[in-house]
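No value in this document is a laboratory result; all are computed from the given coordinates. Remember, it's a predicted structure, so these values are computed and weren't measured experimentally. Cβ placement follows ideal geometry from the backbone for every residue including glycine, while neighbour counts extend to all protein chains displayed.
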Amino acid sequence: PDNPITFSLTASVVILTAVMLTMGSRIYLKVQAVCAIVGLVMLIVVVGVFLTTSNQEFQQVWDSYAAQQSAANYSETVADAENVLPWYYDWSPTKQTLGILPIGFWVLAYPYFSAFLGGELKRPKSTAPIGNMGAVVVGAGFIIGLWLVASRTMSQDFIVGTYGQIFNYTGWGFGGNEYLMPSQWFDFHAGIISGNPIVIFLIGLGMIGWLLMFPALAFLGQSRSVLAWSMDRVVPAWFGKVSERWHTPVNAIIFFLIVNLIYLAIYAKTFRYQSSFTAVAGQLVTTFLLVGLSAIVLPYRKKMRRIYLESGIDKELLGIPIITICGIVWVAFLLVNIYFFFLDPNLGAVDFWSEFEWSRIRIGDVLYGLSIWLTIGFFVSGFLLWWAARWHRRRNGVNIDRAYEELPPE
C-alpha cells in the first residue's frame, strides 16, 4: 500500500469518486450501473470458461502452468487437501455451518447502502425493496453458481489443497508443497484455463469494475449521513450545504474527501495494524442490531405509534405487526453472526495480531482486541456527539427532539 504507484492510483480513485458524487446522483447511478454490467459480464464469462472445461482438461492446463512456476501440480495439491482440517475441528458440523454465516453476511449485507439515496430515488417505496432484495438474490445466485461450476472443473479437493499450500507458504503449513501463485481467486484460475488474452482482459476489467463500486458506496453513506445530521441540527449547518447547480452536499463530500485521503495515508504507512480491525463487527453491533431492535418495539411505543400508523407498514400477521416479526428474525440472525465474529479470530474482531507485536507502531497490550475497542469508541463518540449537540441547541432555543416526532417528507 505504501508503494508510490499504488498510493497514487488509490488516491486518484478517491478524488475522482468525490468529483463524481459532487456532480449528482444521476451520474453516480450511471457509473455504478456501468461498473455492475462490466462485472456481470465478467462473471458470465468466467462461468462459461468453467462450464466448457472438464476436470481432466483442467488438470492438464494446471500441471503445465505449475511446472513453469515450479509449484505443486494437480495431484500434489489434491493430496494436500487430506491434511487440511477446519480451523476448529472440535466444532460440530452444525456449528461449523453457522460459523460461516459471517462470511456470507460480509458479502451480501451491503445492498442496504441504497437506503442512503432513498430521498433521491423515484418511487422509493417500490424501487428500494426491489433493489435491495434483487441485489441479494442476484449476488447469492452468482456466488452459489460460481462455486458449483468452479468446484466441478477444479474439484473441491484441489481448492482446499491450494489453501493448505498457502498456509504452508506463510509458515502455518504441514507439508512440503507450496502454491507459489499470485492469487487463489476464481478469476485467476479462469484466466489460466482460457489462455485467451481477450478473455483474460475481460476478467481483469470485470474485477476492476466491481472494485470501483466500493469507494462510491462509502462516500455516499458518509456524505448523506452527515447531510441528515445537519438537517437535524446535530452537526453545524455548513455540512448540509447543497449545491444549487449539482443538488449535492458539496461541503460534506469535500470534508470526507480530506478525511479519506488522510486515512489512506495512515493506512499506507501502518496498514498491518488493520488486520486487527473489521468494520463489519462494528456495524453488526450498532447499525444493524439497533435497527432490528427498533423495528421490534416501534409499533408498541406510544410516542411512535402515530408515525408507525402513517408509515404505510402497519400490517399484521396473526395480530402481530409484520415489522416486529421481521425485527425478531433479523436480530436473531445478527446475534448468531455477532457470536461467531467475537469467537473466531479469523474474522477480525479478536484476531491474532491485536497486540501490535509486529506493527510499525508499538503501542502495547492495552489495545488487545483492537476491533472491540474501536467499535466501542465509535459507538460512544456518536452518543456523546448527539447529546452535546442536543444540549447546545437547547441552550440556543432549538429542540432537536422535534425532528424525530414525524416522518421526513418524501
Review point. Given the chain, what count of lysine pairs have C-alpha atoms under 23 Å apart, with each pair 8 or more places apart or on different chains?
Key: 6
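Averaged over every viewing direction, what's the projected area of the C-alpha convex hull for the stretch 1-152? Give it in nm², one decimal, please. Intermediate values should be presented prior to the final figure.
Values: hull surface 56.1 nm².
Result: 14.0 nm².
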Revision key, fill the gap. Magnitude of the Cβ-charge dipole (Lys and Arg +1, Asp and Glu -1) of the chain about the Cα centre, nearest 20 debye, reported as 2320 debye
Review point. Once every DSSP H run of n ≥ 4 in the chain is given -39500 (n - 2.57) and the sum is divided by its residues, what mean residue ellipticity at 222 nm do you get, rounded to the nearest 500 deg cm²/dmol?
Key: -21000 deg cm²/dmol
Exercise for review: Pop out the Kirkwood hydrodynamic radius of the chain from its pairwise C-alpha distances, inverse of mean 1/r, in Å to one decimal.
Suggested key: 24.6 Å
Practice item. On each of the three principal axes of the Cα atoms of the stretch 177-258, give max minus min coordinate, whole Å, ordered largest first. Key: 59, 33, 18
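Once Rh is set to the Kirkwood radius over Cα pairs, what Stokes-Einstein translational diffusion coefficient, in µm²/s, holds for the stretch 23-73 at a temperature of 10 °C and a viscosity of 1.306 mPa s? Intermediate results must be reported in sequence, preceding the final value.
Working: Rh = 13.8 Å.
Reported coefficient: 115 µm²/s.
Gain in length, SER64 to TRP373, computed as 0.36 nm per residue apart minus the alpha-carbon separation, to one decimal in nm?
Working: separation 309, 0.36 × 309 = 111.24 nm, distance 4.88 nm.
Contour length minus the Cα-Cα distance gives 106.4 nm.
Placing unit charges on C-beta atoms (Lys and Arg positive, Asp and Glu negative, everything else neutral), compute the dipole magnitude of the stretch 1-135 about its Cα centre in debye, rounded to 20.
On the way: 6 positive and 8 negative charges, 238 e Å.
Around 1140 debye, computed over the stretch 1-135.
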Practice item. Can you tell me the order of 76-83, 12-19 when each peptide is scored by its average per-residue count of other Cβ atoms within 10 angstrom, highest first? Key: 76-83, 12-19
Review point. Just going by the charge dipole of the chain, with Lys and Arg at +1 and Asp and Glu at -1 on Cβ, which of PHE105, ILE144, GLY221 is farthest out on the positive end?
Key: GLY221
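Counting only other residues whose beta carbon sits under 15 Å from that of GLY195, what net charge do I get with K and R as +1, D and E as -1?
Numbers: positive: none; negative: GLU57, ASP63, ASP187.
With Lys, Arg at +1 and Asp, Glu at -1, the neighbours total -3.
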Point to revise | Projected label distance in nm at SER126 and MET231, using a 7 Å step from Cα toward the beta-carbon | key: 2.3 nm
Exercise for review: Using only alpha carbon pairs under 8 Å that are at least six residues apart, calculate the relative contact order of the chain and give it in whole percent.
Suggested key: 20 percent
